[in-house]
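Remarks on the structure that follows.
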Amino acid sequence: MSGHRIFTTSFASVYPLYVQKAERKGRAQAEVDQVIVWLTGYDAAGLERQIRDKVDFETFFAHAPALNPNVSLIKGVVCGVRVEDVDDPLMQKIRHLDKLVDELAKGKAMEKILR
């Protein structure tokens, strides 16, 4: 792993930012949770535990029960980076999550976000 700063950042510190971004656009925390659960395979209790334990992104994705098999269908640009072109597997997972939250905040229908 390349040791990018985001890898050791607490997921719990970024999660409220995902929720705020979605809520500013009229979406709900439950929808953010639904997107995260879809991507990672965590159930509600598992997600809450990861937030409570303040695990870093590397641990968050390492302990994810099962990445959704349709994750390869997540395409597009987030923060100027095309998610399907990211080489580092962990960074790509983080970018996938960012992309899903972006789509949610942009008002995309949940059926389309969850592919």
| request: Find how much the distance from residue 115 to residue 29 grows on full extension, using 0.36 nm per residue of separation minus their present alpha carbon separation; answer in nm with one decimal. | output: 29.0 nm
| request: May I ask you to order 4-14, 33-43 by the average number of other C-beta atoms within 10 Å around their residues, highest value first? | output: 33-43, 4-14
| message | Using alpha carbons only, how many angstrom separate the centre of the stretch 82-96 from the centre of the stretch 15-70? | response | 17 Å
| field | Longest to shortest principal axis, alpha-carbon extents of the stretch 71-115, angstrom | value | 29, 18, 13
| message | Suppose the chain between residue 43 and residue 4 were pulled fully straight at 0.36 nm per residue; how much longer would it get relative to their current alpha carbon spacing? | response | 11.3 nm
| Positive dipole terminus of the stretch 5-113, leading residue within 76, 38, 64 (C-beta point charges) | 76
| Between residue 72 and residue 56, what is the spin-label point distance in nm, taking each point 7 Å from the Cα along the Cα→C-beta axis? | 3.0 nm
| task | Using just the helices of the chain, give the 222 nm mean residue ellipticity in deg cm²/dmol: DSSP H runs with n ≥ 4 each add -39,500 (n - 2.57), and the total is spread over all residues, rounded to 500. | result | -16000 deg cm²/dmol
| query | Under a point-charge model restricted to the Cβ atoms of Lys and Arg (+1) and Asp and Glu (-1), what is the dipole moment magnitude of the chain relative to its Cα centre, in debye to the nearest 20? | reply | 360 debye
| query | With each label point set 7 Å from Cα along the Cα-Cβ vector, what nm distance links residue 85 and residue 108? | reply | 1.8 nm
| query | Using only Cα atoms, what is the ratio of the radius of gyration of the stretch 5-113 to 2.2 N^0.38 Å? | reply | 0.98
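Read the figures in this text as sums done on the coordinates, not as results from a lab. These numbers come from a predicted model, not from an experiment. Note that each Cβ is placed from the backbone with ideal geometry, even for glycine, and that neighbours are counted across all protein chains shown.
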